[in-house]
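I have a structure I would like to understand better, so I am pasting it below and will then ask my questions one at a time.
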Ligand SMILES: Nc1ncnc2c1ncn2[C@@H]1O[C@H](COP(=O)(O)OP(=O)(O)OP(=O)(O)O)[C@@H](O)[C@H]1O
């Protein structure tokens, strides 16, 4: 992690009619940092992340992502980030190799780069025997590792992960996080939402969102001290129980 700021937001706000989904969010994230974005269901995490990825226009406030303005430079932002969501990431009816080449192509890699990178990736993930299998036939943990690797194939400055490890056990999650650490070591900033508190412990810093606002932001150790809690579970519980907003 360095002290170079790659995400900066200032009073970023999103309203849907009278409802304020994200309210005056301000924070910074550094190059190579693993930044956890936590909050109960409906807290406003996805709303905020969509604005940061240039997918949704803020109602007010400012932000820069990799130095680009989220109002005016959304195309540049999209080129400089990777994105993986639990809901959609890979095509189940394409093989492992086809998925890598398809998404690599979208990210603008040349045929030569695609060939080299797809082989290297398959080797790194130990998926030599699965390369020609449909992604739909793979275990969920493998799909998630592949989806993450594809999301950073073009070596983006920042990768956004929206609940990337939903539905798998702690050991599989831990393996996924080894890939996250590798990426962060290479200078890729990781912005991750999760509901798993074991994963929260793996982050450099965590922001906790409650009812559209950032209520706390610190290292896991700092948060535990501040809230006199022995675990991140306890910190989360103490903050989330203040929430008035009900999840959908
Ligand atoms: N397009 C929209 N129109 C109206 N309200 C919306 C819209 N999108 C989100 N909301 C509301 O904004 C609030 C925040 O939703 P958001 O999806 O950002 O929460 P979240 O923290 O990501 O929750 P989850 O963990 O369940 O994904 C919710 O109350 C949701 O109903």
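No value in this document is a laboratory result; all are computed from the given coordinates. Quick caveat, the model's predicted, so the values are computed rather than measured. FYI the Cβ positions are ideal-geometry reconstructions off the backbone, even for glycines, and counts take in every protein chain you see.
Given the chain, what percent of its DSSP beta bridges are antiparallel, to the nearest 5?
Numbers: 21 of 40 bridges.
Looking only at bridges with both residues in the chain, the antiparallel portion is about 50 percent.
Additional query: Taking the Cα atoms of the range 36-168, report the difference between the largest and smallest coordinate on each principal axis, in whole Å and largest first.
Taking the Cα atoms of the range 36-168, the three principal extents are 50, 35, 22 Å.
Something else about it: Starting from the Cα gyration tensor of the range 101-160, take the square roots of the eigenvalues, sort them a ≥ b ≥ c, and report rounded, prolate or oblate (rounded when a/c is under 1.5, otherwise prolate if a/b is larger than b/c, else oblate).
Working: a/c = 1.89, a/b = 1.32, b/c = 1.43.
The shape class here is oblate.
Roughly what % antiparallel, to the nearest 5, for the DSSP beta bridges in the range 81-198?
Details: 1 of 11 bridges.
Of all bridge pairs located within the range 81-198, approximately 10 percent are antiparallel.
Now, a different point. Counting only C-alpha contacts under 8 Å and six or more residues apart, can you give the relative contact order of the range 1-147 as a whole percent? Provide the component values of the computation, followed by the final result.
Working: 190 pairs, mean separation 27.6, N = 147.
Relative contact order of the range 1-147: 19 percent.
Rounded, prolate or oblate: which fits the range 137-229 when a ≥ b ≥ c are the square roots of the eigenvalues of the alpha-carbon gyration tensor, with rounded for a/c under 1.5 and prolate only if a/b beats b/c?
Values: a/c = 2.00, a/b = 1.56, b/c = 1.28.
It is prolate, given that a/c is not under 1.5 and a/b is the larger ratio.
Taking one equal scatterer on every alpha-carbon of the range 1-73, how large is log10 of I(q)/I(0) by Debye at q = 0.14, 0.19, 0.25, 0.27 1/Å?
Summing over Cα pairs of the range 1-73 leads to -0.42, -0.76, -1.21, -1.34.
For a Förster distance of 35 Å, can you work out the FRET efficiency between the beta-carbons of residue 10 and residue 231, rounded to the nearest 0.05?
Numbers: r = 32 Å, r/R0 = 0.91.
The calculated FRET efficiency here is 0.65.
Translational D (Stokes-Einstein, µm²/s) of the range 85-135 at 25 °C and 0.890 mPa s when Rh comes from the Kirkwood sum over C-alpha pairs? Spell out each step's value before the answer.
Working: Rh = 11.2 Å.
For these conditions, the coefficient is 219 µm²/s.
Applying 1/(1 + (r/R0)^6) with R0 = 51 Å to the Cβ-Cβ distance of residue 186 and residue 59, what FRET efficiency is obtained, to the nearest 0.05? Kindly include the intermediate steps, with their values, before the conclusion.
Values: r = 35 Å, r/R0 = 0.69.
About 0.90, to the nearest 0.05.
Divide by every residue of the chain the summed helix terms, -39500 (n - 2.57) for each DSSP H run of at least 4, and state the resulting mean residue ellipticity at 222 nm, rounded to the nearest 500 deg cm²/dmol.
Details: 9 runs with 90 residues, N = 248.
My calculation for the chain gives -10500 deg cm²/dmol from helical runs alone.
Now a separate question. Given a cut-off of under 8 Å on Cα pairs at least six residues apart, what relative contact order in percent is computed for the chain? Please list the in-between numbers first.
On the way: 466 pairs, mean separation 65.9, N = 248.
Contact order relative to length: 27 percent.
Note the per residue figure in Å³ for the convex hull of the C-alpha positions in the chain. Mind showing how you got there, number by number?
On the way: hull volume 31.4 nm³, N = 248.
In the chain, the Cα hull volume divided by residue count equals 127 Å³.
Calculate the spin-label point distance for residue 106 paired with residue 204, positioning each point 7 Å from the Cα along the beta-carbon direction, and give it in nanometres.
The modelled label-to-label distance comes out at 2.8 nm.
A follow-up question, please. By how many nm would the segment from residue 245 to residue 178 grow when fully extended, if each residue of separation counts as 0.36 nm and the alpha-carbon distance is taken off? Walk me through the numbers before you get to the answer.
Details: separation 67, 0.36 × 67 = 24.12 nm, distance 3.44 nm.
Difference between extended and current length: 20.7 nm.
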